[in-house]
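Any read-out appearing in this document is the output of simple, stated calculations on the displayed coordinates, not a laboratory observation. Owing to the predicted nature of the structure, the values given are computational and were not obtained by experimental measurement. All Cβ positions, glycine included, derive from the backbone under ideal geometry; neighbour counts span all protein chains shown.
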Amino acid sequence: MLASRVFSLVGRRSISTSLCLRAHGHAGVVKAEDFTLPGYVDRRDVPLPEVAFVRDLSAQQKALKEKEKASWSALSVDEKVELYRMKFNETYAEMNKGTNEWKTILGGVLFFLGLTGVILIWQKHFMYGAIPHTFSEEWLSAQTQRMLDMRVNPVEGISAQWDFDKNEWKK
Amino acid sequence: MRRLLARRMKFHLLGAFLVSVGSATLYKFGVAEPRKRAYAEFYKSYDPMKDFQAMKAAGVLESAPPK
């Protein structure tokens, strides 16, 4: 019941225009119920779609279809191409052709990363308070000295980089 | 369009095999072997008592204070 209320609000005109919008590019208008019937798709893994591409044939195309029932060697190259285009929309080459979409995507990603960076810089400058005192130079050097005294990670880590005899970092 | 899946599958099977074997080899000779050598080197000339005395002298051991 709510749907019919919406219908009267929106008006009949806009419903029919939305149906008309679907009728571009192809021969024949696509109505809502057509989506319940087998349809044509351009897909790499569907080499033979359920229906031919062109649905409503002109008189010329119908004559060509009749000619197709005879021997195919009687068809010219142009006629064969016309028959192909009646059956299929894009060739495999056209279908598989790459686009330049990746440039847009990459640009968008980098743009938003940059925007995030700007936000973070603004936050650090205007919003956050001071960092803890344990990050000061004196504290960090005392902390590192204590780690070396304890021989933290002596095989591959920090104590392996320190020369205990000369009391300096290894070169 | 012939053998569409077979071609793709061959390509990807070979690629997957090479990538996995390659990354395993790289890890073994880039990470695992150097690490094993580092540990062997370290423990060749490691004197635990000397290490203990050094740590004790530095004052980091609560139950073994420096004299």
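Determine the gain in length on full extension of the stretch A:N96-A:M127; use 0.36 nm per residue of separation and subtract their C-alpha separation, reporting nm with one decimal.
Values: separation 31, 0.36 × 31 = 11.16 nm, distance 5.05 nm.
6.1 nm is the gain from fully extending A:N96 to A:M127.
Peptide B:52-64 has a mean shielding of 2, counted as Cβ atoms of other protein chains within 10 Å of each residue's Cβ.
Remark: spin-label model distance A:M150-B:V19 equals 4.1 nm, labels positioned 7 Å along the Cα→Cβ axis.
Restricting the trypsin sites (Lys or Arg not before Pro) of region A:88-146 to loop positions (DSSP other than H, G, I, E, B) with no more than 12 neighbouring Cβ atoms within 10 Å leaves A:K97.
How big is the charge dipole of region B:27-66 about its Cα centre, in debye rounded to the nearest 20, if each Lys and Arg gets +1 on its Cβ and each Asp and Glu gets -1 on its Cβ?
Working: 7 positive and 5 negative charges, 50 e Å.
Dipole about the Cα centre, nearest 20: 240 debye.
Straight-distance candidates among the lysines for linking to A:K67, with alpha-carbon spacing under 26 Å and chain neighbours fewer than 8 residues away dropped: A:K80, A:K87. Rounded to the nearest 10 degrees, the angle from helix B:48-58 to the longest Cα principal axis of chain B is 70 degrees. Across peptide B:3-11, the mean count of Cβ atoms from other chains lying within 10 Å of each residue's own Cβ comes to 1. Cross-linked pairs A:K166/B:K67; A:K31/A:K65; A:K103/B:K28: Cα-Cα separations exceed 28 Å for A:K103/B:K28.
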